[in-house]
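Colleague: Sending over a structure as structure tokens; questions will come in a sec.
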Amino acid sequence: MPIYGKDSASATLGQKIMELLKQALLIILFNIVGSMGSIALVSTTSFAIQQQPETKSPLPAKYGDNSNKSDSEFKLKTQDEVTKLLGNRKIKEIKFLMWKDAKPATEYNPDIDGNRKVWKVTADYVGGIDFDSGRCKSNAKLTQVLDAETGDNLMFEVRCPKGSFESDLPKPTPEELRILENSR
């Protein structure tokens with residue numbers, strides 16, 4: 001049997017490649033089965049390789065690279081401007097960084113370029129802090145990242161010690177607690 005099918009002159013390059021891939025996979029399967037000492041029947045009629053659709057290039061980030069822009073063009077140029085925007089907070093530290101250096105290691109956001117200039121603000125709230133879905137009763141640690149160019153909030157995180165968090169959301173049902181426990 002020829003590698004390219006019955007009529008090799010009319011076969012497209014894609015069909016030829018698919019046939020070669022099928023044959024290579026069959027060889028691999030027979031080698032695996034042979035090394036296991038078992039016998040297996042492999043049918044090539046049920047084997048199919050689908051061609052992948054054309055992939056589009058990713059959209060540009062909403063907050064693109066602004067590392068070549070002068071800081072004088074930004075809405076938040078100084079620590080004082082950041083402090084004024086945030087209002088009466090007990091700020092522990094303010095740092096001017098790139099997004100890739102300010103974000104948590106597990107954070108991935110395709111809308112923010114890694115070379116975006118940002119302000120990272122950390123604050124301690126010994127007396128606690130309220131937020132949308134609840135409150136941290138004491139010793140809350142807040143981390144916020146603001147876009148230097150626009151002043152937009154890019155990240156807001158509140159860390160609360162165990163036992164200090166109160167939620168405004170309804171308590172989970174016993175079934176929801178069981179599902180949550182089994183997912184860990």
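Colleague: Give me the distance between the Cα centres of region 133-184 and region 71-97, rounded to whole Å.
Modeller: 24
Colleague: Mind listing the long-range amide H neighbours of residue 154? Cut-off is under 5 Å, sequence gap 5 or more, other chains count too, H placed in the peptide plane at 1.01 Å from N.
Modeller: It is 145, 146, 147, by chain and number.
Every number here is computed from the coordinates shown, using simple stated rules; none is lab data. Note that this is a predicted model, so its numbers are computed, not measured.
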